[in-house]
Amino acid sequence: MSNTETARTGLSPARRRWNATDLGLIGVFAALVAGAALVPGLAVNGFGVPITFQTLAVMLTGLVLGPGRGFAAVGLYTLLGLAGLPIFSQGRSGLGILAGPSAGYIIAFPIAAALVGWLATVIIKRTAKARALWLFLAATVTSIVVVHTLGVAGIALNTKSTIGQAFVSDLVFYPGDIVKNVLAAGIAVALHRAFPDILVRRVRRSTAVPAGS
């Protein structure tokens, strides 16, 4: 979009509406999260919350698409599952899942995608080296602050257990999350390099100084 077009529409390149490509990416990554949820999980948590590849897909979605589209993709997946499609872990679906021990994790997923997506844009703006490490740290912080915090709260609320009991049961997910965050960061960096228009160039356009300013 030229400076003339920007002045005429009143929209900067970073604030333009989503186009067909954006909507397609949202659909593709929503399907990715759904597919990751359907891979058979290992229920080692004492309250029946399974270990799945969902957190990998959620973090990857945010790191690749950024905050807005990442939230939309994971939010779409969540809404479809709550509406009745059997796309939650172990083929579950419906509003009833919000009364189960997994409720906090499911609620956390769209928020986590938005937060890690925002952190990814900050990293892209400010770093050029060791970007995979920074993206890994962003995903790890997001996992702890959002996914695990809300997950523990959901377990405690819906199982009538104490916060301490819920916290201890949640610790089993940390080793796997570290591995999944390493994978998410590595894949995200590879996708950023192969397809910079998805996020990297969008971020750079949003921070570019307009000509004549």
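Please compute the alpha carbon radius of gyration of segment 100-198, then divide it by the globular-protein estimate 2.2 N^0.38 Å. Two decimals is fine.
Details: Rg = 15.2 Å, N = 99, 2.2 N^0.38 = 12.6 Å.
Against the compact-globule rule of thumb, the ratio is 1.21.
Are there trypsin sites (Lys or Arg not before Pro) in segment 154-194 that DSSP puts in a loop and that have at most 15 other Cβ atoms within 10 Å, and which ones? Could the numbers behind the result be given before it?
On the way: sites: Lys160, Lys180, Arg193; in loops: Lys160.
Sites meeting the loop and neighbour criteria: Lys160.
The gain in end-to-end length when the Val168 to Leu95 segment is fully stretched comes to 23.6 nm, 0.36 nm per residue minus the alpha carbon separation.
Helix 20-38 and the longest principal axis of the C-alpha atoms of the chain enclose an angle of approximately 20°. Directionally averaged projected area (the chain, Cα convex hull): 12.7 nm².
What 222 nm value per residue comes from the helices of the chain, counting each DSSP H run with n ≥ 4 as -39,500 (n - 2.57) and dividing by all residues, nearest 500 deg cm²/dmol? About -21000 deg cm²/dmol. Extension gain for Ala31 to Leu133 (0.36 nm times residue separation, less C-alpha to C-alpha distance): 34.1 nm. Extents of segment 153-192, largest first, come to 43, 16, 9 Å (Cα atoms, principal axes, whole angstrom). For the chain, a Gaussian network of Cα nodes joined below 10 Å ranks Ala132, Ala112, Ala57 by mean-square fluctuation, and the top entry is Ala132.
No value in this document is a laboratory result; all are computed from the given coordinates. This is a predicted model, so every value here is computed, not measured. As a convention, Cβ positions derive from the backbone with ideal geometry for all residues, glycine included, and neighbour counts pool all protein chains shown.
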